[in-house]
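Structure record follows, encoded as C-alpha cells.
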Amino acid sequence: MKKLSKQKKILLSIVAAVVVLIGIGYGFYLNELSAVNNKKQDVVFVVEEGETIGTVLDHLQEQGLIKSSTFANIHAKLTNLTQNKAGIFILNDKMSADEILRILNDPSQARTDQVLITFTEGRWAKDYAKQISEQLSIDENEILSLWNDTKYIEELAADYPFLDTDVLDNADYRVKLEGYLFPETYAFDKDATADEVTRTFLDHFSEIYDKYEEDIKKSDYSLQEILTLASIVQYESATSEDMKMIAGVFYNRLKEGMPLQSTVTVCYALYDDLDRNDEDSWKTCEASTDIDSPYNTYLHKGLPIGPIVNPGEAAIDAVLHPETNDYYYFIADIHGVRGEAGKVYYSKTYAEHKQLQEELNLVF
C-alpha cells in the first residue's frame, strides 16, 4: 500500500480540522435558533406596520422569545422569511426561531381585528374589570359578579384544577378570583364574552402554575397562601431583588409568630373607599391600621385571608425562592432623603427601623 506523503497528511489534517470546526459552528448556529424554553408560555407579540425584520427580531429577543436576533436574522435571509406581516401574533417560548419566523410571515396568523389590553402587575381585580369595560362591550359589574360567583367558579374548577372551590367559597373575599387574574398583555376578540376573558386570564395562570407546581408542592404553603404572600410582596416592592428580600423578611416574621404589619393589606381592607391613584393614599392606609378586617395584618397574625392584588411572576418566584436574611423590618425611602428615591432599607430591630422612619421623614 502506497504511503501518503507528509504534505498530503498535513492537508488531510487541515481538512479534518475545518470539517470539525464547521460542524461545531453549525451546531452552535442550530442551538442559537432553538427554543428558549421547554415549557410553553404564550406571549402576545405585536408587529407594527412598516417594521423591518431587524427591528422585529430585536423585539423578539428583548421579550425572551428568541436567543439571538443576529442568528435569527441570518436564518431569515437564508430561508427567505423576511416578509413579516403587521398584526397581533400569539407566540410562545417553546417555539424555535424558525417556527416564529414562519408564523410572522404567514398573513393568516396575524390577528388584525382584536383588541390588545395590558394588565399591570399589582392591580386589583376591579381595576382590571374597569379596563375591560372601557375596551370591550362587557359591563365591569357583570364581570366582577362573575369573578365572585361560586357556581361559576365551580364550573371553572373542572377545567382549572388549581382552583380550590373549598378555599374560594369565602364570603369575606372582596373578589374570589383576586390573585388568579394573571397580569399580562392579552389579545381579545372585540365581541369577547366575560367568560372568554376570564378563561384567557386563567389559561395564562395555568402556564405559570405548571412552571412552579413542584416548588409550590415542596413549600409549606398552599397555592392560595403563596398567592396571598406574593400579592403583598408585589404591592410592597418595586424590583425583583427587593421582592426576594422582602419575601425573606415576611417569612422571618411568620416564623417568629410576629404580625406581618403590612400597610398594603390595610389598603385592601379600605377597598371600597381608597383611591389608589391618589399619590397620598398611603397616608390613609397608615392612618387606618385599626380597621376591623380579615385582611388587616396589624390586627391579625399570619397571612390575610386571601390575595390583595394580582401578582406577576417575579413576585410568585420571590415567595417560592426568597433571599434568606435576618431582617424583620424594611422601609422605602419614598422621598429620596438619602438620594435614591424608592431604595429599600432593612433593619434587624424595631429601634433601627424607628430611627430610619424618622430619618426618612416617614413618621406618620
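The values are calculated or read from the model by the stated rules, or taken from the named source; none is laboratory data. Predicted model only: the values in this text are computed from it and were never measured. With ideal geometry, Cβ positions are generated from the backbone for all residues, glycine too; neighbour counts draw on all protein chains shown. For accessibility, only protein heavy atoms count, side chains too; no ligands or nucleic acids. Shrake-Rupley method; radii C 1.70, N 1.55, O 1.52, S 1.80 Å.
What to note about this one:
- For Ile316, the test of being β-branched (Val, Ile, Thr), under 21 Å from Leu181 (Cβ atoms) and not in a loop (DSSP other than H, G, I, E, B) is passed.
- Candidate set from the stretch 75-95 (those that are open to solvent by 50 Å² or more (accessible area, probe 1.4 Å) and of a type in the set (D, E, K, R)); member that is modelled with the highest pLDDT: Lys77
- On the stretch given as the stretch 343-364, residues that are touching a residue at least 24 places away in the same chain (Cβ under 8 Å) and surrounded by 13 or more Cβ atoms within 10 Å (Cβ to Cβ) total 7.
- The stretch 55-69, residues that are assigned to a helix (DSSP H, G or I) and surrounded by 14 or more Cβ atoms within 10 Å (Cβ to Cβ): Thr55, Val56, Leu57, Asp58, His59, Leu60, Gln61, Ser69
- Residue that is part of a loop (DSSP other than H, G, I, E, B), under 17 Å from Arg174 (Cβ atoms) and open to solvent by less than 20 Å² (accessible area, probe 1.4 Å), where the choices are Pro311, Pro294: Pro311
- So Leu260, is it open to solvent by 20 Å² or more (accessible area, probe 1.4 Å) and not basic (Lys, Arg): no
- Only listed residue being of a type in the set (A, V, I, L, M, F, W, C) and either open to solvent by 10 Å² or more (accessible area, probe 1.4 Å) or over 13 Å from Ile305 (Cα atoms) (or both), chosen from Leu229, Leu181, Leu168: Leu181
Each row is one residue, and each column tells you yes or no for (1) among the hydrophobic types (A, V, I, L, M, F, W, C); (2) more than 25 Å from Glu207 (Cα to Cα).
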{"site": "Phe71", "(1), (2)": "yes, yes"}
{"site": "Arg123", "(1), (2)": "no, no"}
{"site": "Ser137", "(1), (2)": "no, yes"}
{"site": "Glu140", "(1), (2)": "no, yes"}
{"site": "Asn148", "(1), (2)": "no, no"}
